[in-house]
């Protein structure tokens, strides 16, 4: 895996919690942040809930007749 360096600004308290969690899990801060990002990016947060809508349709019967566009314009 190719890695790159980047700078991220974090709240002091959040960084302190992350460092503490990394120590508790016997991981580096890099490993902890990488795992959190991978987990977040794999999650379905991007998928919005899709609401299915049922649309009722009705049979309107057979077509009574057909008019051409010109006939419709003449009628109007």
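Here, each number is a calculation from the coordinates, and none is a lab measurement. As the structure is a computational prediction, the values presented were derived from the model and not from experiment. As a convention, Cβ positions derive from the backbone with ideal geometry for all residues, glycine included, and neighbour counts pool all protein chains shown.
No other residue among 15, 67, 32 is part of a loop (DSSP other than H, G, I, E, B) and surrounded by 10 or more Cβ atoms within 10 Å (Cβ to Cβ) apart from 67.
A residue that is touching a helix residue (DSSP H, G or I) at 6+ places or on another chain (Cβ under 8 Å) and in a helix (DSSP H, G or I) cannot be found anywhere in segment 42-64. Contact map, segment 1-16: first residue free of Cβ contacts under 8 Å to residues at least 40 places away in the same chain and on the phi < 0 side of the Ramachandran plot, second residue assigned to a helix (DSSP H, G or I) and surrounded by 10 or more Cβ atoms within 10 Å (Cβ to Cβ), Cβ cut-off under 8 Å, separation 6 or more or different chains; pairs are 10/18. Pairing residues of segment 25-41 that are in contact (Cβ under 8 Å) with a residue 12 or more places away in the chain and at negative phi with residues that are in a helix (DSSP H, G or I) and exposed (fewer than 10 other Cβ atoms within 10 Å of the Cβ), at Cβ distances under 7 Å and at least 6 apart in sequence or on separate chains, gives no pairs at all.
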